[in-house]
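Have a look at the structure below before the remarks.
The values are calculated or read from the model by the stated rules, or taken from the named source; none is laboratory data. This one's a predicted model, so the numbers in the text were calculated from it and none came from an experiment. Heads up, the Cβs are rebuilt from the backbone with ideal geometry, glycines too, and the neighbour counts pull from every protein chain shown. Surface areas here come from the heavy atoms of the whole protein model, side chains and all, with no ligands, DNA or RNA. Shrake-Rupley method; radii C 1.70, N 1.55, O 1.52, S 1.80 Å.
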Amino acid sequence: MKRLDKFLSEAKVASRKELKQLIRAGRVSVDGKTVTQEDLKINEDIAKVTLDGKPVAGRRIVTIMMNKPAGYLTAAEDKRDKTVMELVPEEYRKMNVMPIGRLDKATEGLLLLTNDGQLNHRLASPKHGVWKTYYAEHDGIVTAGDIRAFEKGLHLSDGLHCLPAKLEALEVGKSLIRVQEGKFHQVRRMMESRQMHVNYLKRLAEGEISLGDLPLGQCRELTEEELQLLE
């Protein structure tokens, strides 16, 4: 089930603001009946929606999560390596879902994919400050100095300037790292700069969306509640 205004917005018939006016003016019908409530829930697969008597064909916007295994590139295609798209069920590939951001080839865990261009841009952009949580197994021991350095924002020897991040020691050689951006091998490079070589890395969450118990290599569609967390 989907809200009527969201269905119409995805069909690109008007802006969100204009849609409310159109619906409240009685110009939209569902299954032959005029409706005036923008939050009306409809079954997008079977409902017949019209605007001024003309059918509206909805474009199904979908966002899925994957528990990415190591060894797969976050790319649409590659001539030499396996890509995450090979793990995406065909029904979603046909909807043209694409990865939001990237996970390094050697990194496991949560990867979101969508055919919503606006959502992809917003979540992938560092300026929106979407925190990403990683679990790392590494050499060395986290010190108070390491935690402060992460909080201030690291300046790496290769010129990368990292936004303030969070480092939390779980036990010897195991930590949680939270970053607001996703530059090339960033988490590994940040840990390496503090003399902690990462041996295993897994993304557990992006914003308030958590990987949970999704099996490695599997995908599932986000729930309505999870989608609301991304808005």
Notebook entry, point to check: Each label point is 7 Å from the Cα along the Cα-to-Cβ direction; what then is the distance between the points at residue 137 and residue 78, in nm?
Noted result: 2.2
Item checked: Proximal aspartates and glutamates to residue 105, defined as alpha-carbon separation beneath 15 angstrom and excluding residues fewer than eight positions away on the same chain -> 77, 78, 81, 86
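As an exercise, take the mean of 1/r over every pair of distinct alpha carbons in the range 1-126, invert it, and state the Kirkwood radius in angstroms. Working shown, then result.
Values: mean 1/r = 0.0607 Å⁻¹.
After inverting the pairwise mean of 1/r, the radius is 16.5 Å.
If I take every Cα pair under 8 Å that is 6 or more residues apart in the range 21-121, average their sequence separation and divide by the length, what percent do I get for the relative contact order?
Values: 154 pairs, mean separation 24.0, N = 101.
In percent, rounded to a whole number, it is 24.
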Item checked: Heavy-atom accessible area order for 162, 219, largest first, 1.4 Å probe -> 219, 162
Margin query: Greater than 29 Å separation of Cα atoms is the criterion. Which listed pairs, 79/127; 20/48; 41/202; 20/54; 68/183, meet it?
Written below: 79/127; 41/202
Margin query: If N is the number of residues in the range 122-209, what value comes out of its Cα radius of gyration divided by 2.2 N^0.38 Å?
Written below: 1.00
Checklist line | Karplus (6.51, -1.76, 1.60) ³J(HN,Hα), θ = phi - 60°, over the range 140-149, in Hz, Gly and Pro reported as x | finding: x, 10, 6, 10, 4, x, 5, 4, 5, 4
Checklist line | Contour minus Cα-Cα distance for residue 3 and residue 43 (0.36 nm per residue) | finding: 13.5 nm
Next item on the list: Measure out, as a whole number of angstrom, how far apart the alpha-carbon centroids of the range 27-45 and the range 87-149 sit.
Entry: 36
Notebook entry, point to check: To the nearest 20 debye, what is the magnitude of the charge dipole of the chain about its Cα centre, counting +1 on the Cβ of each Lys and Arg and -1 on the Cβ of each Asp and Glu?
Noted result: 700
Margin query: For the chain, what does the relative contact order come out to in percent, with C-alpha contacts under 8 Å and a separation of six or more?
Written below: 19
Note to self: Under 20 Å from a point placed 7 Å out from the Cα of residue 174 along the Cα-to-Cβ direction: which residues of the range 137-162 have their backbone N that close?
What the structure shows: 137-144, 147
Next item on the list: Treat each spin label as a single point 7 Å out from the Cα along the C-beta direction, and report the residue 15 to residue 216 distance in nm.
Entry: 4.9
Checklist line | Protein accessible area in the range 19-154, 1.4 Å probe - carbon and sulfur % | finding: 47
Check: Each residue of the range 176-192 in order: what ³J(HN,Hα) in whole Hz does its phi give by Karplus 6.51 cos²θ - 1.76 cosθ + 1.60, θ = phi - 60°, with x for Gly and Pro?
Finding: 10, 10, 10, 10, 9, 9, x, 6, 3, 6, 4, 4, 4, 5, 5, 5, 4
Checklist line | Value of relative contact order over the range 92-156, rounded to a whole percent, pairs C-alpha under 8 Å and six or more apart | finding: 24
Notebook entry, point to check: Given H placed 1.01 Å from N in the peptide plane, which residues other than close sequence neighbours of residue 75 have an amide H under 5 Å from its amide H?
Noted result: 84, 85
Next item on the list: Could you give me the percent of Cα pairs per 10 Å distance bin for the range 39-84, shortest bin first, beginning at zero and ending with the bin that holds the maximum distance?
Entry: 19, 30, 15, 22, 13, 1
Item checked: Accessible area of the range 130-185 divided out per residue, in Å², using a probe of 1.4 angstrom -> 53
Check: Could you give me the ³J(HN,Hα) list for the range 26-32, computed from phi with Karplus coefficients 6.51, -1.76, 1.60 and θ = phi - 60°, whole Hz, x at Gly and Pro?
Finding: x, 8, 10, 10, 10, 6, x
